[in-house]
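Asks: Can you read through this structure? Questions will come right after.
The values are calculated or read from the model by the stated rules, or taken from the named source; none is laboratory data. Keep in mind the model is a prediction, meaning the values are calculated, not measured. As a convention, Cβ positions derive from the backbone with ideal geometry for all residues, glycine included, and neighbour counts pool all protein chains shown. Keep in mind that these areas ignore ligands, DNA and RNA; they rest on the heavy atoms of the full protein, side chains included. Shrake-Rupley method; radii C 1.70, N 1.55, O 1.52, S 1.80 Å.
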Amino acid sequence: MNSTPQHDAEAAARAADSPLVRDFGLLITSATRLEQRIDSALRRECGISHTMLEVLILLCRRSGEEVSQRQLADGLTLTSSGTTRLIDRMEEAGLVRRVPSPGDRRVALVEPTAEGRTTFLGAVAVHARVVEEFFVGPLSADDYTRLTGALAAIDRALRENTG
């Protein structure tokens, strides 16, 4: 089959408008917009970024457990250097502190400070308000349950098939 520029343009337009491309684009666009709303509200009301809140969530969820920078990087899907820079900023802001691991002095553990926990409590309320308004509120209870079930299934499939 001979391909012409006109044929290729039409085929490209059909592919770009396919249901899979449209639906996945809607997921990504909605998630990005929600993340931007959360980040803006957190910066404005609490002086922290959404990523900083994610660090505090991981640290406060595992209260009393040792959490290394490597574990934070894995949990946040950040590079090691990106995590180091983020923890540097959070340490400068008084939200976290690094402590040496008792088992391995080469490993830096991260823990929230009292100020970090206080900031976390305010930020988690802001986060909940925005999520409720834009993620939960627009859906019926049944639709919300189906959505979170579907997202959990997608996450499981991605975790099980790491190839």
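Asks: How big is the accessible area of Thr113 in square angstrom, nearest 10, if you roll a 1.4 angstrom probe over the protein chains?
Replies: 20 Å²
Asks: Along the Cα-to-C-beta direction of Ser81, a point sits 7 Å from the Cα; which residues of the range 87-107 have their amide N less than 19 Å from that point?
Replies: From the range 87-107, the list is 87-90.
Asks: From largest accessible area down, sort Ile87, Ile57, Ile28; use a 1.4 Å probe on the protein chains. The partial results should precede the final answer.
Replies: On the way: Ile87 0, Ile57 30, Ile28 80 Å².
From most accessible down to least: Ile28, Ile57, Ile87.
Asks: Here is a follow-up. Give me the angle, in degrees from 0 to 90, between the Cα long axis of helix 5-16 and the longest principal axis of the Cα atoms of the chain, rounded to the nearest 10.
Replies: 50 degrees
Asks: For the range 34-120, what is the per residue volume of the convex hull drawn over the alpha-carbon atoms, in cubic angstrom?
Replies: In the range 34-120, the Cα convex hull volume per residue is 92 Å³.
Asks: Points 7 angstrom from Cα along the Cβ direction at Ala15 and Arg117: gap in nanometres?
Replies: 5.5 nm
Asks: Quantify how much of the Cα-Cα distance distribution of the chain extends past 27 Å, in percent.
Replies: Summing the P(r) tail past 27 Å for the chain gives 43 percent.
Asks: Not counting ligands, DNA or RNA, and with a 1.4 Å probe, what is Glu160's accessible surface area in Å² rounded to the nearest 10?
Replies: Roughly 140 Å² of Glu160 is accessible to a 1.4 Å probe.
Asks: Can you compute 3J(HN,Hα) from phi for each residue in the range 53-64, using the Karplus curve 6.51 cos²θ - 1.76 cosθ + 1.60 with θ = phi - 60°, rounded to whole Hz and x for Gly and Pro?
Replies: Coupling constants for the range 53-64: 4, 4, 4, 5, 4, 4, 6, 6, 5, 10, 3, x Hz.
Asks: With all protein chains present, how much of the accessible area of the chain (probe radius 1.4 Å) comes from carbon and sulfur, to the nearest whole percent?
Replies: Using a 1.4 Å probe with all protein chains present, the chain comes out at 56 percent carbon and sulfur.
Asks: From Cα pairs below 8 angstrom and at least 6 apart in sequence, can you work out the relative contact order of the chain, rounded to a whole percent? Intermediate results must be reported in sequence, preceding the final value.
Replies: Numbers: 114 pairs, mean separation 34.2, N = 163.
Relative contact order here is 21 percent.
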